[in-house]
Amino acid sequence: MKNTIGIIGNGSFGSFLVRKLTKRFKVLVHDPFDKPEKTYDASLEEISRCAFIILAIPIDAYRKVLPQLKPLITKDTTIVDISSVKTEPVQLLDELLPGQKRVVTHPLFGPQSAEKSYWGHVVIMCPSVSDSNSYAKIKDFVISEGLAVVEKTPEEHDKEMAYAQGLTFFLARALLKTGVHDVSLHTPSFKKLLDLAELESHHSEELFKTIQQGNPYVSEIRKTFLKEAQDLDKSL
């Protein structure tokens with residue numbers, strides 16, 4: 001099944017990928033807990049015969065899924081990592097699938113923002129920890145879809161995304177829990193806070209935990225922010 005793309009995981013992003021990729025490829029999906037449409041539903045054995053296998057699962061699931069894949073895949077199979085953090089999944093791939101071809105990426109968008117169009121969206125790609133031939137193929141495909149590619153090392157990615165996603169999602173979750181949507185009077189700046197809180201309402205608990213706990217740089221940034229907030233509160 002050289003021209004077939006396998007996807008493990010049929011959650012929000014996995015099902016989004018199915019809708020997008022079936023326009024150009026045959027797609028098979030495996031998820032024992034969230035069954036995809038019958039057209040795409042496949043066993044892990046069938047998925048293992050695909051040339052490219054996309055891991056649309058939480059990082060916590062890597063330790064269960066990758067050992068199951070190991071005896072099934074061949075040296076020609078390329079594992080595509082799309083998780084929201086990069087250093088930890090690379091370490092897991094090194095440990096659980098040593099020597100296996102892989103391409104390490106992070107699409108900086110979700111189903112809510114990119115369902116209608118990829119315009120203005122970015123995919124982070126990590127050439128230093130990816131198979132060069134598979135990387136070139138996926139990069140060409142990503143660009144052909146109208147997406148921009150930004151190349152980073154896993155460490156560079158996680159350091160920058162600790163602010164861009166880690167701090168942002170943390171603030172959004174806190175805003176959501178404070179009940180900001182109960183306020184009837186809005187200013188333009190307050191509307192931006194409402195939009196931020198609303199965005200977080202669409203994120204799964206698994207994604208939130210992945211970004212907060214899977215990125216080694218986020219914890220320190222949260223601590224710094226909370227200290228500055230406490231100092232500001234004391235000054236008032």
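The values are calculated or read from the model by the stated rules, or taken from the named source; none is laboratory data. Bear in mind the structure is a predicted one, so any value in this text is a computation, not a measurement. So basically every Cβ, Gly included, is an ideal-geometry build from the backbone, and we count neighbours across all protein chains shown.
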task = Filter segment 131-175 down to residues that are among the small types (Gly, Ala, Ser) and outside the structural domain of Leu93 (by TED's automatic domain parsing) and give me whichever is farthest from Thr87 (Cα to Cα).
result = Ala174
When residues of segment 54-79 are limited to those that are in a loop (DSSP other than H, G, I, E, B) and of a type in the set (Ser, Thr, Tyr), the one nearest to Val90 (Cα to Cα) = Thr77
message = So in segment 179-209, with the set limited to residues that are farther than 22 Å from Ala162 by Cα and polar (S, T, N, Q), which one is nearest to the chain's Cα centre (by Cα)?
response = Ser189
key: Odd one out for Pro58 among (1) at pLDDT below 95; (2) crowded, with 20+ Cβ neighbours inside 10 Å   = (2)
task = Mind counting the residues in segment 36-88 that are without any contact (Cβ under 8 Å) to a residue 24 or more places away in the chain and of a type in the set (Lys, Arg)?
result = 2
request  = Pull up segment 177-236, narrow it to residues that are in contact (Cβ under 8 Å) with a residue 12 or more places away in the chain and either assigned by TED's automatic domain parsing to the domain that holds Phe13 or β-branched (Val, Ile, Thr) (or both), then point me to the one that is nearest to Ile57 (Cα to Cα).
outcome  = Thr210
Check on Asp131, touching an Asp or Glu at 6+ places or on another chain (Cβ under 9 Å), more than 17 Å from Leu199 (Cβ to Cβ), of a type in the set (Asp, Glu) and in contact (Cβ under 8 Å) with a residue 40 or more places away in the chain = no
request  = Identify, by number, the condition in (1) under 25 Å from Val150 (Cβ atoms); (2) β-branched (Val, Ile, Thr); (3) over 18 Å from the mean Cα position of the chain (by Cα) that Ile57 doesn't meet.
outcome  = (3)
task = Among the residues of segment 160-174, write down those that are buried (at least 19 other Cβ atoms within 10 Å of the Cβ) and not aromatic (Phe, Trp, Tyr).
result = Met161, Ala162, Gln165, Gly166, Ala172
